[in-house]
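Asks: Dumping the structure here so I can ask a few things about it.
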Amino acid sequence: MNLKKLALTSTLLVSTLFAGNYNVDKDHTNVGFKVKHMMISNVSGKFNEFKGTFEYDEKAKMLKSLNGEIVVKSINTENKKRDDHLRSADFFNAKKFPKITFTLSKIEDDTAYGKITIKDVTKDIKLDFDNGGTIKDPWGNYRAGFALSGKIKRKDFGITWNKVIEAGGVAVGDTVKLDIEIEGIKEK
């Protein structure tokens, strides 16, 4: 009987310690993407400025909520000229639409469902979900991590700029691959 109580108490304690609200740890998070260039290769990029919060339930070992915000002007493909073009009205129009937002709707098995807003256009999105779980770090912080990946069509969000190339095809593909790694620190 005492062992059962101890096991139950330990389980509740662990659940209480890890369950709760987490802030996205910018230093250990990557908001990345890839898009076809000239139909033959991919250009990779990321956003350097973002913030977010999420709720993780250790007892259920599951992400319960996620809200994120990306600063569009922070786009970084390691090419200033291209990044300036991406910030322009041809693509994101960062002055008029300074933020991209995401809100998780639900998790089912290994799939995350949510709403993404780009250029004031909100669409439902389905992403692969890889649950990294939780740990207590060497400094006494509780951390949770997970990854989201999937595809969106940029034209669905009014990002339509393109050039036809001489050999056929276009300069920029319509499909954008998202690759997001998130780590958060539990609020104290």
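The values are calculated or read from the model by the stated rules, or taken from the named source; none is laboratory data. Owing to the predicted nature of the structure, the values given are computational and were not obtained by experimental measurement. Cβ placement follows ideal geometry from the backbone for every residue including glycine, while neighbour counts extend to all protein chains displayed. Please note that ligands, DNA and RNA were not included when accessible areas were found on the heavy atoms of the full protein model with its side chains. Shrake-Rupley method; radii C 1.70, N 1.55, O 1.52, S 1.80 Å.
Asks: Please give the net charge around Phe50, taking every other residue with its beta carbon less than 15 angstrom from that of Phe50, where Lys and Arg add +1 and Asp and Glu add -1. Write down the numbers at each step before the final one.
Replies: Working: positive: Lys26, Lys46, Lys51, Lys73, Lys99; negative: Asp25, Asp27, Glu49, Glu69, Asp179, Glu181, Glu183.
That sum, taken over residues with Cβ under 15 Å, equals -2.
Asks: Past 31 Å, Cα to Cα, is the threshold; run Lys51/Lys96; Lys51/Lys136; Lys59/Lys153; Lys34/Lys136 against it and keep the listed order.
Replies: Table pairs above 31 Å Cα-Cα are Lys59/Lys153; Lys34/Lys136.
Asks: With a/c under 1.5 counting as rounded, go ahead and sort the stretch 34-85 into rounded, prolate or oblate using the C-alpha gyration tensor (a ≥ b ≥ c being the square roots of the eigenvalues; past the cut-off, prolate if a/b is larger than b/c, else oblate). Don't jump to the answer; show the numbers that get you there.
Replies: On the way: a/c = 4.81, a/b = 2.10, b/c = 2.30.
It is oblate, given that a/c is not under 1.5 and a/b is not larger than b/c.
Asks: Name the GluC sites (Glu not before Pro) in the stretch 63-161 that are in a loop by DSSP and that have at most 13 other C-beta atoms within 10 Å, would you?
Replies: Working: sites: Glu69, Glu78, Glu108; in loops: Glu78.
Answer in residue order: Glu78.
Asks: Taking 0.36 nm per residue of sequence separation and subtracting the Cα-Cα distance, how much length would be gained by fully extending the chain between Ser74 and Asn21, in nm to one decimal? Spell out each step's value before the answer.
Replies: Working: separation 53, 0.36 × 53 = 19.08 nm, distance 2.57 nm.
Taking Ser74 through Asn21 to full extension adds about 16.5 nm, to one decimal.
Asks: Only sites in a loop by DSSP and with at most 15 other Cβ atoms within 10 Å count here; which trypsin sites (Lys or Arg not before Pro) in the stretch 53-102 make the cut? If you can, show how the numbers build up before the last one.
Replies: On the way: sites: Lys59, Lys61, Lys64, Lys73, Lys80, Lys81, Arg82, Arg87, Lys95, Lys96, Lys99; in loops: Lys59, Lys61, Lys95, Lys96.
Answer by residue number: Lys59, Lys61, Lys95, Lys96.
Asks: Sticking with this structure for a sec: Just how much of Ile125 is accessible, in Å², when a 1.4 Å probe is used and the result is rounded to the nearest 10?
Replies: Rounded to the nearest 10, the figure is 10 Å².
Asks: Give me the extension gain from Lys61 to Lys95: residue separation times 0.36 nm, minus the current Cα-Cα distance, reported in nm with one decimal. Display every interim value, and only then the final one.
Replies: Working: separation 34, 0.36 × 34 = 12.24 nm, distance 3.97 nm.
Separation in residues times 0.36 nm, less the Cα-Cα distance, equals 8.3 nm.
Asks: For the chain, take the longest principal axis of its alpha carbons; what is the angle in degrees between that and the long axis of helix 2-18, to the nearest 10 within 0 to 90?
Replies: The helix 2-18 is inclined about 30 degrees to the chain.
Asks: Around Ser74, under 12 Å between beta carbons, what's the net of Lys plus Arg minus Asp minus Glu among the other residues?
Replies: Numbers: positive: Lys26, Lys46, Lys51, Lys73, Arg87, Lys99; negative: Glu49, Glu69, Asp83.
Here the charged neighbours net out to +3.
Asks: Something else: Which option, (1) 52, 36, 26; (2) 77, 29, 28; (3) 43, 41, 32, is the value of Cα extents along the principal axes in Å that was calculated from these coordinates?
Replies: Checking each listed value against the structure points to (2).
Asks: Figure the gain on full extension for Val35 and Thr175 (residue separation times 0.36 nm, minus the Cα-Cα span) and round it to one decimal in nm.
Replies: Details: separation 140, 0.36 × 140 = 50.40 nm, distance 0.64 nm.
Stretched fully, the Val35-Thr175 segment lengthens by 49.8 nm.
Asks: Here is a further query. May I ask you to rank Trp161, Trp139 by accessible area, largest first, using a 1.4 Å probe over the protein chains only? Intermediate results must be reported in sequence, preceding the final value.
Replies: Values: Trp161 65, Trp139 195 Å².
The residues order as Trp139, Trp161, largest area first.
Asks: Would you calculate a helix-derived [θ] at 222 nm for the chain, using -39,500 (n - 2.57) for each DSSP H run of n ≥ 4 and dividing by the full residue count, to the nearest 500? Provide the component values of the computation, followed by the final result.
Replies: Values: 2 runs with 25 residues, N = 188.
Per the formula, -4000 deg cm²/dmol.
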